1. How many residues are touching a strand residue (DSSP E or B) at 6+ places or on another chain (Cβ under 7 Å) and either over 30 Å from Asn162 (Cα atoms) or open to solvent by less than 10 Å² (accessible area, probe 1.4 Å) (or both) when one looks only at region 411-444?
2. List pairs: first residue in region 382-402 and more than 19 Å from Ile146 (Cβ to Cβ) and part of a helix (DSSP H, G or I), second residue small (Gly, Ala, Ser) and open to solvent by less than 100 Å² (accessible area, probe 1.4 Å) anywhere in the structure, Cβ distance under 7 angstrom, at least six positions apart or on different chains.
3. Determine whether region 58-68 contains at least one residue that is at pLDDT 85 or above, hydroxyl-bearing (Ser, Thr, Tyr) and either more than 24 Å from the chain's Cα centre (by Cα) or within 23 Å of Met1 (Cα to Cα) (or both).
4. Here is a check on your reading of the model: is Leu355 part of a helix (DSSP H, G or I), without any contact (Cβ under 8 Å) to a residue 60 or more places away in the chain and either over 29 Å from Leu448 (Cα atoms) or hydrophobic (A, V, I, L, M, F, W, C) (or both)?
5. How many of the residues making up region 384-410 are open to solvent by 80 Å² or more (accessible area, probe 1.4 Å) and closer than 19 Å to Leu138 by Cα?
6. Enumerate the pairs (first residue in region 268-280 and farther than 11 Å from Leu235 by Cβ; second residue anywhere and open to solvent by less than 70 Å² (accessible area, probe 1.4 Å) and among the β-branched types (Val, Ile, Thr)) with beta-carbon separation below 7 Å, excluding pairs fewer than 6 apart on the same chain, so at least 6 apart or on different chains.
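The values are calculated or read from the model by the stated rules, or taken from the named source; none is laboratory data. Every value quoted in this text rests on a predicted model; they were computed, and no experiment measured them. Counting neighbours? That spans all protein chains shown, and the Cβs are built from the backbone with ideal geometry, glycine included. Quick note on the areas: whole protein, heavy atoms, side chains included, nothing else; ligands and nucleic acids left out. Shrake-Rupley method; radii C 1.70, N 1.55, O 1.52, S 1.80 Å.
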Amino acid sequence: MLRSLSIRNVVLIDKLDLDFESGLSVLTGETGAGKSILLDSLGLVLGKRAETSLIRSGEEKLSVSAIFDVKPDNITLQNMLKENDIDVEDELVVKRTLDRSGKGKIFVNDQLVSAKILKEIGALLVEVHGQFDNQGLLNPANHRSILDSWGVYPELLNKTANAWNEYHKAKQNLARAENDLIKAKSEEENLRHWVKELESVSPRKGEETELISRRQTFMHAEKIIESLNHAYQALNQEPDITSALRHSQSAIERANRYVDGKYDNILATLDRALIEICEAQDSIETASKEINLDASEQESIDTRLFLLKDLSRKHGVGIDDLEDKLFEFKQQLNSIELGEDHLKDLRKTEQEKRLLYLDAASALHMARIESANKLDNKIMQELPPLKMEKARFVTIVEKNQESSWGELGFDNVSFTVSTNPNSPQGPLAKIASGGELSRFMLALKVNLLQSSMVETMIFDEVDAGIGGATAQAVGERLARLGSDIQVLVVTHSPQVASQGKQHYRVEKNTIDNVTTTTVCSLSLPERQEEIARMLSGSVITKEARAAAEALITR
């Protein structure tokens, strides 16, 4: 709910501070007094576009601040504020500034935000309805969600959404499998060739490293043999090291007899050394014999490496991954053979999910039709007092083509009207005139109040083009709205103004060639005088005052 509004240097307003209460508040004043300036100022703190033309003449900067009471059960608003790191308890303070250079700042509870975010927040705080409003109720894209909110069948909506998600998932799985099978079949001949080719080669992990190592050995075979021979000869040349070790063992054994085996550890060390030397000699001899100087063997290794590298480039993988690639190709061939059975299972699942979705969407469809009939009856009951007894309001619920089905079901919902007997139903915004449109909007709002998240509604000249009993009926319905939420109405109708819980008069005064718009809250006598002015014009008669008193006390 809008609690207060402070305006500085906006067009004709230099300084203005207003406090608001719950219920119906009316703003009146002569044409050109500046009521639109007040709405423009409020629009700034609701995220409307800010233009430098709004800055008061002679000033460099404008500012508008508003304080809103926020209920904790407005979950959508609370979540949006949380997403934007805006702390809030029960109060929201919005401040917006703009200077002559076009630069401005927006603060929400001292948090700097963008105009886009402010607009989103503002849409959850206040609804503004003008005579030629083309958003909200007049936008057919919103009609389904409006009917759903009014109808209150969340279980059906959730069931339909879940069924759609399952059906959509099943459709995607089937489409993906069909595409994979088509692709696999188109490559079946290639796959069989690649499998045969790779199987004939039998690649294995680590083979590249092994072949490169063998190749290196062949390339340096002569040097390796020469080095091994030198090592072998070094161990076996006279006096050879094994003979030296044995002589050393004999000497230690003789000494050991005199010390009761004290040198056994030395003998053990010499034994180990002798064993290691003998093993080294045998290993060198074996290694030397293993060196292959056959040129054909080296050629075979080069051919193998070339073949593996060629297959690696062909399939875009490393040589060590060729074995895995062979397995992958075999799996693809296997999927082709099993693909039709798999598709049959997926088609069955898709059909089952489709039927579940159709059942849920059909139940939702029937609930919408029932709610639409109830809404139509309620709207029709509102029209005669608004002098629209010949008009007909019909909510059309029709099934969309399958391409437009979704988690909200398969329905398209549209609000239609006809304003004369036997005339065809048509879109609300196109069939109704300005005055009729305003009254249709009011009738809708009275009945759709429960589906609205906002706590404040503003009607700008909703009474345009009507008067008398019709204006009285409009005022009564605005007052009815005001019993549940805060309603602000800019009006030229005394019948509407008389229904206000609060009454503000907008005036324009010129002093020393400086024109200023002011807004003041009226007491009961002042209200009567203002309504009398609205009834009789510039010259207020006793009859007008009496009529004004009668309107207020009615």
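1. Initial filter on region 411-444 (touching a strand residue (DSSP E or B) at 6+ places or on another chain (Cβ under 7 Å)): 411-418, 424-428, 431-432, 440-441.
Those still in the list that are either over 30 Å from Asn162 (Cα atoms) or open to solvent by less than 10 Å² (accessible area, probe 1.4 Å) (or both) too: 411, 413, 415-418, 424-428, 431-432, 440-441.
Qualifying residue count, region 411-444: 15.
2. Pro385/Ala473; Leu386/Ala443; Leu386/Ala473
3. Just the residues of region 58-68 that are at pLDDT 85 or above, to begin with: 58-68.
Next, from what is left, pick out any that are hydroxyl-bearing (Ser, Thr, Tyr): 63, 65.
The next check asks that each one be either more than 24 Å from the chain's Cα centre (by Cα) or within 23 Å of Met1 (Cα to Cα) (or both); those that pass are 63, 65.
There is at least one residue in region 58-68 that is at pLDDT 85 or above, hydroxyl-bearing (Ser, Thr, Tyr) and either more than 24 Å from the chain's Cα centre (by Cα) or within 23 Å of Met1 (Cα to Cα) (or both).
4. Considered against the rule, which asks whether it is part of a helix (DSSP H, G or I), without any contact (Cβ under 8 Å) to a residue 60 or more places away in the chain and either over 29 Å from Leu448 (Cα atoms) or hydrophobic (A, V, I, L, M, F, W, C) (or both), Leu355 comes out as yes.
5. Within region 384-410, residues that are open to solvent by 80 Å² or more (accessible area, probe 1.4 Å) and closer than 19 Å to Leu138 by Cα number 2.
6. Note: pairs meeting the criteria are Leu270/Ile252; Leu274/Thr242.
Conditions (1) out of contact with any Gly (no Cβ under 9 Å at 6 or more places or on another chain); (2) surrounded by 16 or more Cβ atoms within 10 Å (Cβ to Cβ); (3) of a type in the set (Asp, Glu), marked per residue:
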position	(1), (2), (3)
Leu12	no, yes, no
Leu24	no, yes, no
Ser41	yes, yes, no
Glu59	yes, no, yes
Ala66	yes, yes, no
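Conditions tested, residue by residue: (1) of a type in the set (A, V, I, L, M, F, W, C); (2) over 19 Å from Gly23 (Cβ atoms); (3) free of Cβ contacts under 8 Å to residues at least 24 places away in the same chain.
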{"position": "Asp460", "(1), (2), (3)": "no, no, no"}
{"position": "Asp463", "(1), (2), (3)": "no, no, no"}
{"position": "Gly468", "(1), (2), (3)": "no, yes, no"}
{"position": "Gln495", "(1), (2), (3)": "no, no, no"}
{"position": "Ser498", "(1), (2), (3)": "no, no, no"}
{"position": "Lys508", "(1), (2), (3)": "no, yes, no"}
{"position": "Ile511", "(1), (2), (3)": "yes, yes, yes"}
{"position": "Thr517", "(1), (2), (3)": "no, yes, no"}
{"position": "Leu524", "(1), (2), (3)": "yes, no, no"}
